[in-house]
Amino acid sequence: MPWIADPQRRNEDLREHLFKWNKHELQKLDVDYKIIKGIGEERLKNTIQLIEEAFKA
C-alpha cells in the first residue's frame with residue numbers, strides 16, 4: 001500500500017524499519033497478531049475474514 005500522509009502516519013522513510021521493529025516486539029511478547037494485506041476492498045475483505053475467524057475460535 002502506498003504511503004499517504006495523514007495524522008496517523010508518520011516517518012515515511014522509516015516505515016519498513018518500524019514495521020519490522022513492531023513485529024519483533026510483538027513476537028518477543030508472544031502476542032497473537034495478524035498482518036492485514038491488500039488494498040481497498042481487498043484489504044477490507046481480508047480484515048473481515050480475520051475477524052470472523054477470530055470469533056469462530
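Data for the structure
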read-out: Selection within the stretch 34-50 - exposed (fewer than 10 other Cβ atoms within 10 Å of the Cβ) and either in a helix (DSSP H, G or I) or at pLDDT 90 or above (or both); value: Ile35, Glu41
read-out: First in the stretch 31-45 and closer than 15 Å to Lys20 by Cα, second anywhere and of a type in the set (Val, Ile, Thr) and not in a loop (DSSP other than H, G, I, E, B), Cβ under 6 Å, 6 or more apart; value: Ile36/Thr47
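The values are calculated or read from the model by the stated rules, or taken from the named source; none is laboratory data. Please read these numbers as outputs of a predicted model, since none were measured by experiment. Positions of Cβ are generated from backbone atoms using ideal geometry, with glycine treated the same way; all protein chains shown enter the neighbour counts.
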